[in-house]
Amino acid sequence: MRYVIGDIHGEYEKLNNLVKVLEKDAAEFIFLGDYVDKGLRIVETIDLLIDLSKSKKCVFLMGDHEFAWLEYINGNERFLDFLLKYGGIQTLESYLGRKFSEEKAKVALSDKGTIQKLLKKHIDFYLNLKFYHEADDNFLCVHGGIKPQNKDMPLEIHNKEELLFLRDDFIYSKFFYNGRKIIFGHTAFKEPYIDEYKIGIDTGAVYEDRGYGNLIAFNVTKKEFVNHKGEIKKYEKA
């Protein structure tokens, strides 16, 4: 079986539970990115993913949060506010093992040398993340989406930030990409998003306090959804 898994955001226990549910019959896992930020157990999450890749075929996509960290440590200062506002403090805390106020986190993040050392443990993982994956002849996987105006362009020349950060322009569009339906994450829904052209499987694993809270996998082979509790929901075309 081939499974595509949505945004994790440091929800280690949910990821661990989901993998245990799926791994017996899984031939391949495709992860849509956003492994870091917001949740509390970032380091353990990345360790689990790396260990899983030693026993199962895994494809790891880049999320906007991994992209933000890599851009920031390479000198792109505009991502500092993003990290502070959207969960980077939790990643900092997970790697360093202590709590930070926003003010102290900003000071810590300003030391690029420290941050580079911080991420060194998993830097090969982050640097080898992909921006898209053609799962088969029927499905294309990306983190955020495809810009409708670029639907006829080769994937390798698409703007990388657009592939990671797109929301409404993509979600409310109607197109296949080279005949493929698009599976995406990035935008949280309480239930998997389904229309004729796309499937959204970010179900807000880290947002349990807001009425979300599931970590979802889409079984590409059997066309069904499975959550971290082992609950199965059949894929019903919109």
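The values are calculated or read from the model by the stated rules, or taken from the named source; none is laboratory data. Since we're looking at a predicted model, the values are computed, not measured. Glycine also receives a Cβ, built like all others from the backbone with ideal geometry; neighbour counts cover every protein chain displayed. Just the protein is used for accessible areas: all its heavy atoms, side chains included, with ligands, DNA and RNA removed. Shrake-Rupley method; radii C 1.70, N 1.55, O 1.52, S 1.80 Å.
Output the number of the condition that Lys112 fails; it satisfies all remaining conditions of (1) free of Cβ contacts under 8 Å to residues at least 24 places away in the same chain; (2) exposed (fewer than 15 other Cβ atoms within 10 Å of the Cβ); (3) more than 18 Å from the chain's Cα centre (by Cα).
With respect to (1) free of Cβ contacts under 8 Å to residues at least 24 places away in the same chain; (2) exposed (fewer than 15 other Cβ atoms within 10 Å of the Cβ); (3) more than 18 Å from the chain's Cα centre (by Cα), Lys112 is out only on (1).
Determine if segment 151-161 includes at least one residue that is open to solvent by 80 Å² or more (accessible area, probe 1.4 Å), in contact (Cβ under 8 Å) with a residue 60 or more places away in the chain and not in a helix (DSSP H, G or I).
Among the residues of segment 151-161, not one is open to solvent by 80 Å² or more (accessible area, probe 1.4 Å), in contact (Cβ under 8 Å) with a residue 60 or more places away in the chain and not in a helix (DSSP H, G or I), which makes the answer no.
If you check Ile5, Ile30, Ile89, which single one turns out to be modelled with pLDDT of 95 or more, over 17 Å from Asn227 (Cα atoms) and among the aliphatic types (A, V, I, L, M)?
Ile89
For segment 115-128, give me each residue that is among the charged types (D, E, K, R) and loosely packed, with under 11 Cβ neighbours inside 10 Å.
If the condition is that a residue be among the charged types (D, E, K, R) and loosely packed, with under 11 Cβ neighbours inside 10 Å, then Lys120, Asp124 are the ones that fit.
Does any residue in segment 81-92 that is under 16 Å from Asp7 (Cβ atoms) and touching a residue at least 24 places away in the same chain (Cβ under 8 Å) come within less than 7 Å, Cβ to Cβ, of a residue that is open to solvent by 20 Å² or more (accessible area, probe 1.4 Å) and outside any helix (DSSP H, G or I) six or more places away or on a different chain, and which pairs are these?
Correct list of pairs: Gly87/Lys38; Gln90/Lys38; Gln90/Leu40.
Taking strands (runs of 3 or more DSSP E) that do not extend beyond segment 1-76, which have at least 1 residues that are open to solvent by less than 50 Å² (accessible area, probe 1.4 Å) and either more than 24 Å from Tyr207 (Cα to Cα) or of a type in the set (Lys, Arg) (or both)?
Passing ranges, in order: 28-31, 57-60.
Could you list, in sequence order, all residues of segment 129-150 that are part of a strand (DSSP E or B) and free of Cβ contacts under 8 Å to residues at least 60 places away in the same chain?
Listed by number, the residues that qualify are Glu134, Leu140.
For segment 77-95, name all the residues that are under 24 Å from Thr187 (Cα atoms) and either open to solvent by 50 Å² or more (accessible area, probe 1.4 Å) or touching a strand residue (DSSP E or B) at 6+ places or on another chain (Cβ under 7 Å) (or both).
Of everything in segment 77-95, those that are under 24 Å from Thr187 (Cα atoms) and either open to solvent by 50 Å² or more (accessible area, probe 1.4 Å) or touching a strand residue (DSSP E or B) at 6+ places or on another chain (Cβ under 7 Å) (or both) turn out to be Arg78, Asp81, Lys85, Tyr86, Gln90.
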